[in-house]
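First comes the structure, then the notes that go with it.
The values are calculated or read from the model by the stated rules, or taken from the named source; none is laboratory data. These numbers come from a predicted model, not from an experiment. Here the Cβ positions follow ideal geometry from the backbone for every residue, glycine too, while neighbour counts run over all protein chains shown.
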Amino acid sequence: MNLQALLDARRYSGGMTQRLSPGTAALLTLPPLLWAGNAVVGRLVHDLVPPITLNFLRWVLAFALLLPLAHGVLRADNPVWAHWRRYAVLGLLGIGLYNALQYLALQTSTPINVTLVGSSMPVWMLAVGALFFQAPVTRRQLTGALLSMCGVLLVLSRGEWAQLLALRLVPGDVFMLLATISWAFYSWLLARTQEPASVRADWAAFLMAQMVFGLGWSGSFAAVEWASGRTAIVWGWPLAAALAFIAIGPAVVAYRCWGVGVQRAGPAIAGFFSNLTPLFAAVLSAAFLGDTPRLYHALAFGLIVGGIVVSSRR
């Protein structure tokens, strides 16, 4: 997920798009690959570092990377601080909760399942928008949401519908559902609230404003995790490489590439690329974790993508 794409979606809400060139397609393909890699890496290091601590360390490194580009945000006279309450909430939902819940999910669930459950985002976007932001929902959107929800239920049941009657859910799947709902609230708040135009036009400053508060939230959550006794961190090159990847790739590079790609192609086309994440997660999981994709994963992916296509068509 990224922030600039949501801002660009509002800018292109009228459906205005440009021709999809090979370069733009490459820009839009790289972020889903990095997001899938984030899920796989989170699973690989789940025995090396507590999940909430991993989220905190990730954003500390991302903050250091962005500091040279957006250090002006830290000035007391920066106009962004007039909206500090907004950025405090965005930092909680988008940085403090979403990523921490995702890493918690990867403690007990697979990257394939986590990314597929995360692909149910359109369902929760419709529900949150209708219930809390008075956003109208069309019949086509409801049909698409139903298809996507069937795909999520197929993942949660592991391809056996009888399991739903017994409510046998893996804890990681529940954590990922909570993460997805958190991101839905974050997205609506992001779209419905106005911020200074200077910040909105500067992707690094916009992320930095949220990260200042997000670090406070994620640091507090990590402190609670440590107070509960989860303090074991296995330092070494594997963990260092993982931290470098998730801070540079999914948190910074993917964010920027997605923003540029959406600006070039428009959100309608770009939205389809985001659903490559479960496919990439399946390939990477088979390569690095030995998690062989099953038939129900393919069926669930088809249902989720089908729901998004139906709900997004005009």
Being of a type in the set (Lys, Arg), closer than 22 Å to Leu190 by Cα and touching a residue at least 60 places away in the same chain (Cβ under 8 Å) narrows Arg43, Arg86 down to just Arg86
Screening Trp59, Trp81 for residues that are of a type in the set (Phe, Trp, Tyr) and farther than 21 Å from Pro250 by Cα leaves only Trp81
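Restricting segment 34-44 to residues that are surrounded by 21 or more Cβ atoms within 10 Å (Cβ to Cβ) and touching a Leu at 6+ places or on another chain (Cβ under 8 Å), which is farthest from Thr292 (Cα to Cα)?
Gly42
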query: Would you say Val117 is among the β-branched types (Val, Ile, Thr) and within 20 Å of Tyr255 (Cβ to Cβ)?
result: no
By residue number, the members of segment 258-296 that are modelled with pLDDT of 75 or more, surrounded by fewer than 19 Cβ atoms within 10 Å (Cβ to Cβ), in a helix (DSSP H, G or I) and touching a helix residue (DSSP H, G or I) at 6+ places or on another chain (Cβ under 7 Å) are Val260, Phe288, Tyr296
When Leu131 is run through (1) in contact with a helix residue (DSSP H, G or I) (Cβ under 9 Å, 6 or more places away or on another chain); (2) free of Cβ contacts under 8 Å to residues at least 40 places away in the same chain; (3) in a helix (DSSP H, G or I), the failure sits at (1)
Practice prompt. Answer yes or no as to whether Leu126 is buried (at least 20 other Cβ atoms within 10 Å of the Cβ) and farther than 27 Å from Pro250 by Cβ.
Written response: no
